[in-house]
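The values are calculated or read from the model by the stated rules, or taken from the named source; none is laboratory data. Because the structure is a prediction, the values reported are computed rather than measured. So basically every Cβ, Gly included, is an ideal-geometry build from the backbone, and we count neighbours across all protein chains shown. Please note that ligands, DNA and RNA were not included when accessible areas were found on the heavy atoms of the full protein model with its side chains. Shrake-Rupley method; radii C 1.70, N 1.55, O 1.52, S 1.80 Å.
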Amino acid sequence: MTTLIRLLIVDDHPIVRDGLRAVLGREPDLEIAGEAGDGEEAVRLAARLAPDVVLLDLRMPGLGGVAVIRALRAAGEGEPPRVLVLTTFDTDVLPALEAGAGGYLLKDAPPEELARAVRATHRGETVLAPAAAGRLADHVRRPARGVLTGRELEVLRLVAGGATNREVAAELFISEASVKTHLLHVYAKLDVRDRAAAVGEAYRRGLLHP
């Protein structure tokens with residue numbers, strides 16, 4: 001007997017949800033259990049509908065996809081749904097996988113590949129688009145890239161809170177020159193050029209949390 005896989009589709013664009021429902025709804029072993037247009041709704045529906053797989057966009061207003069993955073894994077007492085990311089960008093693969101996603105596909109994937117990926121994710125296999133796999137391999141080849149020290153994270157947290165270099169120095173009992181040095185190291189590790197970009201990139205990578 002064929003196992004029926006219940007899906008929750010999460011994307012903030014109605015036309016994308018319509019397309020996914022039309023494509024995946026034709027598969028005899030896939031059932032669309034529900035749809036959500038934002039992250040908060042996705043978490044609520046997942047708790048109520050208990051889908052097997054959540055097909056999740058990452059970049060949405062409000063609660064972003066990585067935060068949704070964490071919330072799904074933390075909620076409830078039973079087995080959390082498996083998550084297959086379906087997004088436009090290949091830049092968020094590492095944060096998504098670290099949060100607990102089981103797969104990462106791009107929205108240009110053919111329908112048959114998407115259906116296979118849903119089934120593989122349900123089986124507990126890891127599914128990666130070629131571009132996403134390349135990003136992950138690049139990270140493995142450069143393991144120190146993006147890894148901040150404890151002190152660098154402390155500086156960045158204070159900067160994210162709006163503190164000036166002088167205020168950071170006073171809070172951490174270090175010199176302003178040390179603060180500037182730590183920030184330069186942060187910029188280099190995160191591939192950014194200024195404070196605002198460093199804070200934004202740190203949130204995107206999950207190094208800082210709201």
_Out of 39, 102, sole residue that is buried (at least 23 other Cβ atoms within 10 Å of the Cβ) and within 19 Å of residue 123 (Cα to Cα)_ = 102
_Identity of the residue in the range 14-30, touching a helix residue (DSSP H, G or I) at 6+ places or on another chain (Cβ under 9 Å) and open to solvent by 50 Å² or more (accessible area, probe 1.4 Å), that ends up farthest from residue 79 (Cα to Cα)_ = 26
*Among (1) under 18 Å from residue 25 (Cα atoms); (2) at pLDDT below 90; (3) of a type in the set (D, E, K, R) - the single one residue 35 does not satisfy*: (2)
*asked:* For the range 132-151, check the following and say yes or no: at least one residue is under 30 Å from residue 22 (Cα atoms) and either at pLDDT 90 or above or crowded, with 16+ Cβ neighbours inside 10 Å (or both).
replied: yes
_Hits in the range 62-90 - residues which are part of a helix (DSSP H, G or I), in contact (Cβ under 8 Å) with a residue 24 or more places away in the chain and open to solvent by 60 Å² or more (accessible area, probe 1.4 Å)_ = 70, 73
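Does at least one position in the range 165-178 carry a residue that is at pLDDT below 85 and among the hydrophobic types (A, V, I, L, M, F, W, C)? Walk me through how you get there before you give the answer.
Going through the range 165-178, the residues at pLDDT below 85 turn out to be none.
No, the range 165-178 has no match at all.
Just checking, how many residues over the range 154-181 are of a type outside the set (Val, Ile, Thr), open to solvent by less than 40 Å² (accessible area, probe 1.4 Å) and over 19 Å from residue 209 (Cβ atoms)?
Initial filter on the range 154-181 (of a type outside the set (Val, Ile, Thr)): 154, 156-158, 160-163, 165-167, 169-173, 175-178, 180.
Checking which are open to solvent by less than 40 Å² (accessible area, probe 1.4 Å) leaves us with 156, 160, 163, 165, 169, 172.
Keeping just the survivors that are over 19 Å from residue 209 (Cβ atoms) gives 165, 169, 172.
Counting residues in the range 154-181 that are of a type outside the set (Val, Ile, Thr), open to solvent by less than 40 Å² (accessible area, probe 1.4 Å) and over 19 Å from residue 209 (Cβ atoms) gives 3.
Could you tell me how many of the residues in the range 3-13 are of a type in the set (A, V, I, L, M, F, W, C) and open to solvent by 40 Å² or more (accessible area, probe 1.4 Å)? Even if it seems obvious, please write down each step before you answer.
Pass one, the range 3-13, residues of a type in the set (A, V, I, L, M, F, W, C): 4-5, 7-10.
Still in the running and open to solvent by 40 Å² or more (accessible area, probe 1.4 Å): 4.
Qualifying residue count for the region: 1.
Filter the range 103-128 down to the residues that are touching a residue at least 40 places away in the same chain (Cβ under 8 Å) and under 20 Å from the mean Cα position of the chain (by Cα) and list them by number. Even if it seems obvious, please write down each step before you answer.
Taking the range 103-128 as the starting set, the residues that turn out to be touching a residue at least 40 places away in the same chain (Cβ under 8 Å) are 107, 111, 114-115, 118-119, 121-122, 124, 127.
Matches in the range 103-128: 107, 114, 118, 121, 122, 124, 127.
Can we say residue 59 is basic (Lys, Arg) and either open to solvent by less than 20 Å² (accessible area, probe 1.4 Å) or within 17 Å of residue 120 (Cα to Cα) (or both)?
no
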